[in-house]
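The values are calculated or read from the model by the stated rules, or taken from the named source; none is laboratory data. Please read these numbers as outputs of a predicted model, since none were measured by experiment. We place every Cβ from the backbone using ideal geometry, glycine too, and count neighbours over all the protein chains shown.
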Amino acid sequence: MLGYEQISLEENEFTTQWKAIAAEEERNSFIAEHTSVVTDGGTLNISGQPYSVEAMGETLYNVYTDVLYVFPDKICEELLPVIRNRYITTTKNISYENARELERLFAAEYPEQAESGALYSVRFSTLQTNSTIANNFILQTGMIYGAIVLMVICLTVLSLQQLLDAGQYKYRFSVLRKLGVDEQHINKLILKQLRIWFGLPIIVAIMVAAVVIGYFIQTISAEVSAYIGFTTLMLQIGVTVGILAILLLCYFISTWVIFRCSVNS
């Protein structure tokens, strides 16, 4: 149904299906320790193709494991069923409104807790996709907004600190003028001073952020690779850094212009 190649097993063989975030070391260790399985239908040995890692959704797995056994149909018929998953692919895409209506009808016909004791649940790709996109948008927007607010606070403090000190530097630069220093050189000194006072905190912040982000990405690299993709993540980080860089440039230019006017007045 997902377009993957059909799994073919010989008699008395089994294979495994792994979640996308499972580490390769964990997978190899598990397969090496579980080369055979004893079932009600007999003993099964690991197949020549011992594992598969195609993405099939998170609901396929239990919360405490990243692997599933895949048995031949003949063996499964002799086992006691506990959970059954049924998958349906429609010939046409289902709209969001129709998916919500189908979900309501299914819940009315098959309640989550039936009188027989059976548990039912239904998931629609349309609803899951829309929910994921909405949650990601809210999360990204909130994080970018928070970063901008913090950046504005920090840059405002840096800018005000320089502008409040402009009165003290006004006398110093007037002395330099009386000593014969030209305006072009004085403007260079002003620019150099602002670069130092703006640059040092920004460089320290960039170094700390690089270490924290690098460690964070390394810690959840499997989840990023499976659910987001490093290209998409780097693009999102690049957009955020670009917005903050534009904000920094605007604050720096405005502070430089006001500081120079205050000193030269």
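Structure data summary
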| item | result |
| --- | --- |
| Considering residues of segment 133-191 that are among the small types (G, A, S) and surrounded by 10 or more Cβ atoms within 10 Å (Cβ to Cβ) only, the residue farthest from I202 (Cα to Cα) | A134 |
| Some residue of segment 70-83 being of a type in the set (F, W, Y) and surrounded by 13 or more Cβ atoms within 10 Å (Cβ to Cβ) | yes |
| Residue tally, condition under 32 Å from the mean Cα position of the chain (by Cα) and either modelled with pLDDT under 85 or farther than 16 Å from T65 by Cβ (or both), over segment 1-24 | 12 |
| Segment 202-229 residues that are within 17 Å of V241 (Cα to Cα) and surrounded by 11 or more Cβ atoms within 10 Å (Cβ to Cβ), paired with ones that are at pLDDT below 85 and of a type outside the set (D, E, K, R) (beta carbon under 7 Å, 6 or more apart) | I217/V224 |
| Matching helices (runs of 4 or more DSSP H) fully within segment 54-170 where at least 2 residues are without any contact (Cβ under 8 Å) to a residue 24 or more places away in the chain, among the hydroxyl-bearing types (S, T, Y) and under 30 Å from E5 (Cβ atoms) | 125-164 |
| Matching residues, segment 35-53, being in a loop (DSSP other than H, G, I, E, B) and over 13 Å from T16 (Cβ atoms) | D40, G41 |
| Candidate set from segment 77-99 (those that are of a type outside the set (D, E, K, R) and in contact with a strand residue (DSSP E or B) (Cβ under 9 Å, 6 or more places away or on another chain)); member that is farthest from G117 (Cα to Cα) | L79 |
